[in-house]
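Single-structure report; data block below.
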Amino acid sequence: MTEQFDMPSASNNVPEFTVSEISGAIRRTLEGTFSRVRVRGEITELKRYPSGHVYFSLKDERGKISGVVWRGSVSRLGLAPENGVEIIATGKISAYGERSSYQLVVERMEYAGEGALLARIERLRIRLAEEGLFDTARKKAIPLLPRVIGVVTSPQGAVLHDICTTLQRRFPRPVIVWPVPVQGEGAAARIAAAIDGFSRLDGQGAVPRPDVLIVARGGGSLEDLMAFNDEAVVRAAAACTIPLISAVGHETDTTLIDFASDRRAPTPTAAAEMAVPVRTELLADIEHRNARALGALSRLLQTARLRLDRASSAMPDLPSLLQTARMQLDDRGRRLDVALPALVQRRKADLVAVERHMPVVETLLAGRRTRLAVLANMLQTSMVHAFQKQDARLGRLRITPAPLQALVRERRTALAGIAGQLEAVSPRAVLARGYALVTAQGHPVTSAGQLRDGERVELTFGDGARPAVIGDGSRQPRQGMLEL
């Protein structure tokens, strides 16, 4: 019976399955045994397909398992998968019968501990620093007193309340809040969009453009702050055209947005203090500067007044100078009144003296006439002698008297012509025609510019001479004198 039992069992009791049944049984077993698991490992062989699905593998020191993220779950992963990053993947085990393989269908990912997060952050920091996003030359100055302040933070929580309270206490300013989630799914994209949205405002619409921007959130774990370590957020902060203050976490927390922002604040309250000055301190500083300016102006005025006093003391007394000048002017005027008539009198006396030494025109003309008559007589005598000699010669030569008489008539005609020429150029003949000879100091006057008002001259006419005075008609000539 034993042999009959063993033989048939070996051939009849082994169940028979199809390939699909085995694959389905394995799949059900895996999914039933590992309904939801968390698997820790390093991402490798990452591939993104146009369909939107993500395929990868998780490995550790002794094994590797395939993984997949369906397109609908990619946006809810919580992080962007990268090769070489150690993560904890949450999902379920499933089998793929067509390839006789199993895989991990991942629904969520998170970094495996702070070490992996810090290593990833450090690699991103180095890469962005090499691109120049953290250069000091890119930093913009924070305005002293902004007109409008923009805030990117969560509308819930104490962060926004602390910022508004601090601004109200220090220097009230209008605040525009762009509410965003500060952690969790999609937080990084919303924060980057808010920063870029503020940067794109032109101030022409209903929403004014802020003069300074604060990106803030409260403290938390490294995983909670990962949205501010996202590359998109860091690049948006570096490209922002508005001066940006980052205030993420507590004083000891550092995120990558702190390197890209223009100023880093240890807390949101400190960010508000950086954004605006204390109004009372500003007013006190203005009063202090005003007092210093008034003091400096007073000192300048005092110094200028002292210099003016010293200069005025060194200057002579102007009224005294004017009085002295007036006295000198009066003295010169009196002396001039006395000196001018005396000078005129001396000049008159000099003219009279010169006049006394001048020859009388009649005497001068009479002498000239006498000399001319003597010359005429001498000429006539010489002519007579010459004629007599010629007559004697002619007599000796027996010349008839007719040619001699003609020669005599010719000579007499020539003599009469010479006498007429002498009479024509005679000054007496010119004076007889109505002209007068003007002499001053014994010399003939040929130009009116040679004479001055009040000067004495002598006028010689054809029948005599008369004294005269040059004037404009305002003076009364002396008796016996003419005024020209």
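The values are calculated or read from the model by the stated rules, or taken from the named source; none is laboratory data. Values in this document were obtained by computation on a predicted structure and should not be read as measured data. Every residue, glycine among them, receives a Cβ derived from its backbone with ideal geometry; neighbour counts consider all protein chains shown.
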Filter the stretch 405-451 down to the residues that are at pLDDT 75 or above and on the phi > 0 side of the Ramachandran plot, then identify the one that is surrounded by the most Cβ atoms within 10 Å (Cβ to Cβ). 441
Scanning the stretch 217-251 for residues that are surrounded by fewer than 17 Cβ atoms within 10 Å (Cβ to Cβ) and either free of Cβ contacts under 8 Å to residues at least 60 places away in the same chain or touching a Phe, Trp or Tyr at 6+ places or on another chain (Cβ under 8 Å) (or both) gives 219, 220, 221, 223, 232, 239, 241, 250, 251
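Please find, among 321, 351, 306, the residue that is more than 50 Å from the chain's Cα centre (by Cα), surrounded by 10 or more Cβ atoms within 10 Å (Cβ to Cβ) and either farther than 20 Å from residue 455 by Cβ or not charged (D, E, K, R) (or both). Don't jump to the end; show me each part of the working.
On the way: 321 fails: more than 50 Å from the chain's Cα centre (by Cα); 306 fails: more than 50 Å from the chain's Cα centre (by Cα).
Exactly one residue qualifies, and that residue is 351.
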When residues of the stretch 238-275 are limited to those that are farther than 18 Å from residue 129 by Cα and β-branched (Val, Ile, Thr), the one modelled with the lowest pLDDT: 252
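Take the stretch 450-465 and flag every residue that is without any contact (Cβ under 8 Å) to a residue 60 or more places away in the chain and under 9 Å from residue 362 (Cα atoms).
463
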Under 7 Å between Cβ atoms, at least 6 apart or on separate chains: pull out the pairs that start in the stretch 190-216 with a residue that is in the same structural domain as residue 241 (by TED's automatic domain parsing) and end on any residue that is at pLDDT below 90 and surrounded by 24 or more Cβ atoms within 10 Å (Cβ to Cβ). 191/227
Go through (1) free of Cβ contacts under 8 Å to residues at least 40 places away in the same chain; (2) in a loop (DSSP other than H, G, I, E, B); (3) in contact with a Ser or Thr (Cβ under 8 Å, 6 or more places away or on another chain) for residue 254 and report which single condition fails. (3)
Odd one out for residue 278 among (1) surrounded by 15 or more Cβ atoms within 10 Å (Cβ to Cβ); (2) under 30 Å from residue 228 (Cβ atoms): (1)
For the stretch 278-303, enumerate the residues that are more than 31 Å from the chain's Cα centre (by Cα) and under 30 Å from residue 151 (Cβ atoms). 278, 279, 280, 281, 283, 284
Conditions (1) more than 60 Å from the chain's Cα centre (by Cα); (2) free of Cβ contacts under 8 Å to residues at least 40 places away in the same chain; (3) exposed (fewer than 14 other Cβ atoms within 10 Å of the Cβ); (4) not in a strand (DSSP E or B): number failed by residue 50: (1)
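Please state which one of 395, 367 is at pLDDT below 80, closer than 30 Å to residue 460 by Cβ and in a helix (DSSP H, G or I). Working first, answer last.
Numbers: 395 fails: closer than 30 Å to residue 460 by Cβ.
Checking each option against the conditions leaves just 367.
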Residues located in the stretch 27-47, provided they are part of a loop (DSSP other than H, G, I, E, B) and among the polar types (S, T, N, Q): 35
Is it true that some residue in the stretch 15-25 is outside the structural domain of residue 225 (by TED's automatic domain parsing), crowded, with 17+ Cβ neighbours inside 10 Å and at pLDDT 85 or above? no
Working carefully through the options 91, 150, find the one that is assigned by TED's automatic domain parsing to the domain that holds residue 210, assigned to a strand (DSSP E or B) and surrounded by 12 or more Cβ atoms within 10 Å (Cβ to Cβ). 150
All-but-one check, residue 316 against (1) surrounded by 11 or more Cβ atoms within 10 Å (Cβ to Cβ); (2) more than 30 Å from residue 407 (Cα to Cα), failing number (1)
Identify the single condition in (1) in a helix (DSSP H, G or I); (2) not assigned by TED's automatic domain parsing to the domain that holds residue 239 that residue 316 does not satisfy, given that it satisfies every other one. (1)
Going through the stretch 322-364 in order, the residues found to be modelled with pLDDT under 80 and not β-branched (Val, Ile, Thr) are 355, 356, 357, 358, 359, 362, 364
Applying the selection to the stretch 156-196, what residues are part of a helix (DSSP H, G or I), among the polar types (S, T, N, Q) and surrounded by fewer than 14 Cβ atoms within 10 Å (Cβ to Cβ)? 165, 168
